Amino acid sequence: MARSRGTMKMGLYARVSTHDQQTLTLQRDAMTAYAKQRGGSIVRVVEDVGSGASERVRREELMRAARRRDIDAIVVWRLDRWGRSLADLVITLQELHELGVGFISLNEALDLTTSTGRAMAGMLAVFAEFERGILRERVKAGIAEARRCGKRHGRPPTVVHRADEARQLHATGLSKSAIARQLGISRTSVRRFLG
């Protein structure tokens, strides 16, 4: 892992939901204490507040700092604070590993700056692939069920077969809007047919 001379430059990441902001101070205090214990230098503290698994808007700030090599390690309170899903967690940890930036999660005692931590990251990758496989199977099952119930799946059918009708109606003097209404297609399609 790349380090500055002697002192590890750390970025701290805390995240809380909109409804549970009490743990923000707890997270920050625990990560600050860890950084001091390791003799690290805290160069960036990023906090996200939001609801929903997808809301980690400010996390990208730390990823950009990692890509610029402004930090040597990212410290989080718990893994679920960092990753939106297992797959997201593994993808970001893989990128950090390739950048030579460490990742430390305090509650899970996961430290990817150690050989044991790197082995754990390999196991997480296996579980992420397993999760992706399960999701693929669920999607396939959902599509099969929709088809069984007579529901269409995929892109809507093309309206190109209405081109001749659109041209004939246009020849009678109908406006493009009127043609679109009469044929039940978009004005954009009518304009494309009439070229």
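For a paramagnetic label modelled at 7 Å from the Cα of His153 toward its Cβ, which residues of segment 125-139 fall within the zone defined by backbone nitrogen distances under 17 Å?
133-139
What's log10 of I(q)/I(0) for the chain at q = 0.11 Å⁻¹, Debye sum over Cα points only, no solvent?
Debye output, listed in q order: -0.65.
Using +1 on the beta carbon of Lys and Arg, -1 on that of Asp and Glu, and nothing else charged, what's the dipole of the chain about the Cα centre, debye to 20? If you can, show how the numbers build up before the last one.
On the way: 35 positive and 21 negative charges, 203 e Å.
Dipole of the chain, to the nearest 20 debye: 980 debye.
Can you tell me the orientation of helix 115-148 relative to the chain, as the angle in degrees between its alpha-carbon axis and the longest Cα principal axis, to the nearest 10?
Approximately 20 degrees, to the nearest ten.
Given Gly11, Val90, Asn107, which one lies farthest toward the positive end of the charge dipole of segment 9-126, if we put +1 on the Cβ of every Lys and Arg and -1 on the Cβ of every Asp and Glu?
Gly11
Let me know the longest stretch in the chain that avoids all GluC sites (Glu not before Pro) found in a DSSP loop with at most 16 other C-beta atoms within 10 Å. It would help to have the intermediate numbers written out before the result.
Details: sites that count: Glu55, Glu108.
With a cap of 16 other Cβ atoms within 10 Å, the longest stretch comes to 109-195.
Run through segment 129-195 and list the trypsin sites (Lys or Arg not before Pro) located in a DSSP loop whose Cβ has at most 13 other Cβ atoms within 10 Å. Each step should come with its number before you reach the end.
Numbers: sites: Arg132, Arg136, Arg138, Lys140, Arg147, Arg148, Lys151, Arg152, Arg162, Arg167, Lys176, Arg181, Arg187, Arg191, Arg192; in loops: Lys151, Arg152.
Those that pass, being in a loop and sparsely packed, are Lys151, Arg152.
Every read-out reported here was derived from the displayed coordinates using simple, explicitly stated rules and does not represent laboratory data. Small disclaimer: the values here were computed from a predicted structure and weren't measured. With ideal geometry, Cβ positions are generated from the backbone for all residues, glycine too; neighbour counts draw on all protein chains shown.
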